[in-house]
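> First, the structure itself, so that you have it in front of you.
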Amino acid sequence: MKLLLSTNNAHKVDEIKAIIGDMFDEIVSLKEAGISLEVEENGDTFEENAALKAVAAAKLSGCAALADDSGLCVDCLGGAPGVHSARYAGDQHNDDDNNKKLIETLKNYPKPHNARFVSVVVIAYPDGRLITARGEAEGVIVDDSKGQAGFGYDPYFFYPPAGMTFAQMKPEEKNKVSHRWHALKELRRLLEESK
């Protein structure tokens, strides 16, 4: 079975292929499939946004499509930036600006700044079926950037079990503990059950 990944984020494509690539005959990104698709992520939850993207891609392509919506939820900020993580500092989707705004905002709150990364993955089929899975990774936001790997908020997300930030981990290490890994592991279980 062919699976279309409804994303243009190369980091996500690599991560998804590394984790569930063996479950499909072929996994292609929108770019690899020659599809241009922009979906307005106007849902109130990660689940709604992931479903919007997956359904749009499945309808356009006629094949199963996977979309993910993920973000950082900080407890003292009431779960913000949440579904607005990529656009926290504006519509430019700029990691540096988003991180700067987050760290500046957190200066007004006592430590520790407990947080979690959340990922929701949805596979939409052309017949309308949806399979949804959610994963989380618990951590703490630190004041100073640490590490060069990863993307987004990874340099500031300290993961206690590993004793380092997500950006200090090798990709293969992060892929075994990340929120997306947990979501994809749950998705794998649901896919195996549905066979």
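> When you check Tyr125 against the structure, is it more than 18 Å from Glu15 (Cβ to Cβ), among the aromatic types (Phe, Trp, Tyr), touching a Leu at 6+ places or on another chain (Cβ under 9 Å) and open to solvent by less than 80 Å² (accessible area, probe 1.4 Å), yes or no?
Values: more than 18 Å from Glu15 (Cβ to Cβ): yes; among the aromatic types (Phe, Trp, Tyr): yes; touching a Leu at 6+ places or on another chain (Cβ under 9 Å): no; open to solvent by less than 80 Å² (accessible area, probe 1.4 Å): yes.
Judged against the criteria, Tyr125 is not a match.
> So, one more: Looking at the structure I just gave you, is Ile35 in contact with a Phe, Trp or Tyr (Cβ under 7 Å, 6 or more places away or on another chain) and of a type in the set (A, V, I, L, M)? Talk me through it step by step, then tell me what you get.
Working: in contact with a Phe, Trp or Tyr (Cβ under 7 Å, 6 or more places away or on another chain): no; of a type in the set (A, V, I, L, M): yes.
No, not satisfied.
> Kindly list, by first and then second residue, each pair from a residue in region 37-55 that is touching a residue at least 40 places away in the same chain (Cβ under 8 Å) to a residue that is open to solvent by 50 Å² or more (accessible area, probe 1.4 Å) and of a type in the set (Gly, Ala, Ser), limited to pairs with Cβ atoms under 9 Å and residues at least 6 apart or on different chains.
From residues that are touching a residue at least 40 places away in the same chain (Cβ under 8 Å), the pairs are Val55/Gly128.
> Right, here's the next one. How many of the residues in region 117-155 are part of a strand (DSSP E or B) and over 30 Å from Ala64 (Cα atoms)?
Residues that pass the stated criteria total 4.
> Read through the list (1) within 15 Å of the chain's Cα centre (by Cα); (2) surrounded by 15 or more Cβ atoms within 10 Å (Cβ to Cβ), then give the number of the only condition that Phe151 fails.
Among (1) within 15 Å of the chain's Cα centre (by Cα); (2) surrounded by 15 or more Cβ atoms within 10 Å (Cβ to Cβ), Phe151 violates only (2).
> I'd like to verify a number: residues in region 110-122 that are in contact (Cβ under 8 Å) with a residue 60 or more places away in the chain and open to solvent by 30 Å² or more (accessible area, probe 1.4 Å), how many? First the steps, then the outcome.
Filtering region 110-122 down to residues in contact (Cβ under 8 Å) with a residue 60 or more places away in the chain leaves 116-122.
After this cut, where a residue has to be open to solvent by 30 Å² or more (accessible area, probe 1.4 Å) as well, the list is 116.
Of the residues in region 110-122, 1 are in contact (Cβ under 8 Å) with a residue 60 or more places away in the chain and open to solvent by 30 Å² or more (accessible area, probe 1.4 Å).
> Just for region 149-166: of the residues that are in contact with a Pro (Cβ under 9 Å, 6 or more places away or on another chain) and at pLDDT below 95, which one is farthest from Gly21 (Cα to Cα)?
Let us first name the residues in region 149-166 that are in contact with a Pro (Cβ under 9 Å, 6 or more places away or on another chain), namely 149-150, 153, 165-166.
Subsequent filtering for residues that are at pLDDT below 95 retains 149-150.
Details: Ala149: 22, Gly150: 20 Å.
Looking at residues that are in contact with a Pro (Cβ under 9 Å, 6 or more places away or on another chain) and at pLDDT below 95, I get Ala149.
> Can you tell me which of Glu138, Glu192, Glu173 is surrounded by fewer than 16 Cβ atoms within 10 Å (Cβ to Cβ) and over 21 Å from Ile20 (Cα atoms)?
Glu138
> Would you say Asp69 is farther than 20 Å from Phe151 by Cα and either out of contact with any strand residue (DSSP E or B) (no Cβ under 8 Å at 6 or more places or on another chain) or at pLDDT below 95 (or both)? If you could, list the steps in order and put the result at the bottom.
Working: farther than 20 Å from Phe151 by Cα: no; either out of contact with any strand residue (DSSP E or B) (no Cβ under 8 Å at 6 or more places or on another chain) or at pLDDT below 95 (or both): yes.
Criteria not met by Asp69.
> Out of Ala167, Ala162, I need the residue that is assigned to a loop (DSSP other than H, G, I, E, B) and of a type outside the set (Ser, Thr, Tyr). Which one? So that I can check it myself, show each step before the final result.
Numbers: Ala167 fails: assigned to a loop (DSSP other than H, G, I, E, B).
Checking each option against the conditions leaves just Ala162.
> I would also like to ask the following. In region 154-170, how many are free of Cβ contacts under 8 Å to residues at least 12 places away in the same chain and open to solvent by less than 20 Å² (accessible area, probe 1.4 Å)?
Final tally of qualifying residues: 0.
The values are calculated or read from the model by the stated rules, or taken from the named source; none is laboratory data. Since we're looking at a predicted model, the values are computed, not measured. Neighbour counts run over all protein chains shown; Cβ positions are idealised from the backbone, glycine included. For accessibility, only protein heavy atoms count, side chains too; no ligands or nucleic acids. Shrake-Rupley method; radii C 1.70, N 1.55, O 1.52, S 1.80 Å.
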